[in-house]
Every structure is written in C-alpha cells, then in structure tokens.
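What follows is a short report on a single structure.
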Amino acid sequence: MRNRPWLAGAFLLMSACAGQPPAQPTMEETEADVQAYISSEKVTDDRGRFREIFCAVLEDHGRDLPDYRPCEKALRTTGAELGATGEPVPLGRTASNYLVLMVPGLGWNCFAEWLDLTNSVPEHLAQFGYETRIVPVDGLSSTGNNAAMIHDYVAGLPAEDADRRLILIGYSKGTPDILTAIVEYPTLAERVDAVVSVAGAVGGSPLSENATQAKANMLTVVPGSQCEEEDGDNDAVNSLRPDVRQAWLAGNPLPSNFKYYSAITFPEPDRISWALKNSYLLLGETDIRNDTQLVIFDQFVPGSKVFAVVNADHWAIAVPVARSHSIVGGTLVNRNDYPREAFMEALLRYVEADLAEN
C-alpha cells in the first residue's frame, strides 16, 4: 500500500475497465464547441488577458520556479481568445489586503500528509504579499457538510481578519462546496469579492454514477491517512453525481454581488499521467474532451469569466505527487509537472486587477 497511495488523488471512481476510446473530435470541432460555449450568454471569455499575465510571470521569473513550461505549452489554445488588452503587467507586491481561502477536493485531508507538501505555492505567493490559507473541509463528506465547515471557518477567523475581503478558490469538489456555502450562508457571501474555480466539479462527474462511497472510503486505510469515515456525513460521492449537481444549480441561483471565475483543465493526450489513462478513456465514453475526472463543459461556473484553458490533467493542476515521490512521479504519475506557483501568482494578479476595475 505504501507504493500505491496515488489512487487517493482521484475520485477513486475508475475501477471499471475502459474500452477503446471513441473517435476523438477534430480540433476544429473542439474549437467550435468551446468557442460556442464561451461565446454564449452562460459565461464570458477573458482568456486573452490572463494569458498576457501568465506569460509575463513565466517570462520574468518562471524559470526560477518549479516545473517551468513555456506559456504556449502551459495553456491550451482552442480558438480565438478575447480579453487581451496589451497593457503592462505589474509584477510587484500586491496593494490589496485580500485573504485568499483555498478549498481542496475529495479526499485531500486523507492523503495530504503522504504528499509531504512543502507549501511552495503559499510561500511563493507570500513574497508578493498574498496571504493564502487552506480551509480544512472533510474529504469524504457532502457539499452541504463542507459548506457548513467553510462558513464556520470564516466565522471563526481572528479579530484581525474581521474586515478583510475574501477570495475563495475551489479545486475539484472544493468548487461545489464553495458554491453551496455562499448560497446557504448569506453572512459568508457578504464578505466575498470573488469565487474562483480551478478544475471545478461544477456539474459533477459522470464517473460518480458507477461509483460508491465505499470505494472513496478506501482513502481511510491508506497508510498515513488523516481521515475517518465518522468525521462527517460520508456522502461525498453522491454530491458529485451529475443529476445532483445539475438539480442543485437549477434550484439555487448564485449570489450576484461578486464575481466568478473559471479555469478549465483540458490536457492534450500526451499530458495525461499513466495512472489516469483509464479514467480518461472511461470518461471518454461520455465525452473524450475531459481532464480524466471531469468533462470540460461541466467545469464552467454559470455567469463566470473563463480565464484559462489549462494544458494539465486533473491532478497536475493542483496535486504535486511527483515532487515528493520521484519513483511514483517517474512511472504512475508521469505527467504531473506543472508550473503551479507561476499559475497561482498569475491567477491572483489577474483576479485582483479585474476586481479593481469595478
């Protein structure tokens, strides 16, 4: 088991064997579908400006950061991108006082110790004055349970943070946890200026339809696991079913007093780790345009600004397996390298500048 906790990083929904992948849509078909969605009234395309910011960060100091990749390889181009301004990109310390709260995905608290995180992203961001904290949600619980935990965490912030505005960033299931929290708890929503989704399970995952909570609970027996079935309501997988998520979205209009942003993970086939190939093909039976866990069209927050289509699989954008476990990173999770520090810096610079315009 000590050599297999990479299983914990996914939804643990991939036990069924996938067959041969269906025909891959042509790039022209993919571009047309993505552009049609982003050009619709559902979301706004702002990828052009984020690309300018991300490229500036990578060019200025990206080579000094882990997992450097040129801008044109870090972001995926699916067609014309709107929002570019050509304006200079400030790269100094932030003048804002935002508190950035990150909500992780399914099972995160179970295997965080195994990942042996170095906190390189928070430490990098702190150099520029950004303060980030991870909200301790329960990795095996429902969106409702975790929404309450997010509310309680914010309500319990120390007095010195009482007047600080919040930027909430959700990864994977962390996004619907956040969306549920801001709908269910108006006092929390009053403190928020932005909600950012990164590879967010907004519309759920078709993989969950053939999964069980018992399979997700395997995370509790991974050596070093920090989670227990009894910690929450033990209903995470049900929260990710597409019918559950779609019904929730239909019945719960999102607050309109702040902004929403979406980053979509859509890897090129050669950027998918070996351990995720099976789920990529299995999900591909629904739609091959996926990040190994989510169809790309289920990652958009309604009414959001879409600022990036990221050339990374579902783990690579947020879960640094390869950095702390070189053998696993060289074999099972062999496409896990991504310039996360640079990406998160660009993300916060982009959001901060966009919020300042209003």
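Per-structure values
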| item | result |
| --- | --- |
| Scope segment 295-322; condition under 22 Å from G62 (Cβ atoms) and in contact with a Gly (Cβ under 7 Å, 6 or more places away or on another chain); matching residues | W315, V319, V321, A322 |
| Any chance T77 is modelled with pLDDT under 95 and under 20 Å from P339 (Cβ atoms) | yes |
| Selection within segment 52-82 - surrounded by fewer than 17 Cβ atoms within 10 Å (Cβ to Cβ) and of a type in the set (V, I, T) | T77 |
| Residues that are outside any strand (DSSP E or B) and buried (at least 24 other Cβ atoms within 10 Å of the Cβ), drawn from segment 148-175 | I150, S172, K173, G174, T175 |
| Every residue from segment 235-291 that is over 20 Å from the mean Cα position of the chain (by Cα), closer than 24 Å to A194 by Cβ and of a type outside the set (G, A, S) | N252, P253, P255, N257 |
| Identity of the residue in segment 64-95, of a type in the set (G, A, S) and closer than 24 Å to I272 by Cα, that ends up farthest from the chain's Cα centre (by Cα) | G79 |
| Residue within segment 295-306 that is in contact with a Phe, Trp or Tyr (Cβ under 9 Å, 6 or more places away or on another chain), charged (D, E, K, R) and part of a loop (DSSP other than H, G, I, E, B) present | no |
| Within segment 283-339, considering residues that are of a type in the set (K, R) and out of contact with any Asp or Glu (no Cβ under 6 Å at 6 or more places or on another chain), the one surrounded by the most Cβ atoms within 10 Å (Cβ to Cβ) | R335 |
| Residues within segment 115-136 that are in a loop (DSSP other than H, G, I, E, B), surrounded by 14 or more Cβ atoms within 10 Å (Cβ to Cβ) and modelled with pLDDT under 95, tallied | 2 |
| Filter pass, D233 being of a type in the set (D, E), in a loop (DSSP other than H, G, I, E, B) and either modelled with pLDDT of 90 or more or surrounded by fewer than 22 Cβ atoms within 10 Å (Cβ to Cβ) (or both) | yes |
| Any hit, segment 334-356, residues being among the hydrophobic types (A, V, I, L, M, F, W, C), more than 19 Å from L58 (Cα to Cα), more than 14 Å from the chain's Cα centre (by Cα) and assigned to a loop (DSSP other than H, G, I, E, B) | no |
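The values are calculated or read from the model by the stated rules, or taken from the named source; none is laboratory data. Predicted model, so just to flag it, every value in this text is computed and none were measured. Methodologically, a virtual Cβ is constructed for each residue, glycine included, from the backbone with ideal geometry; neighbour enumeration extends over all protein chains shown.
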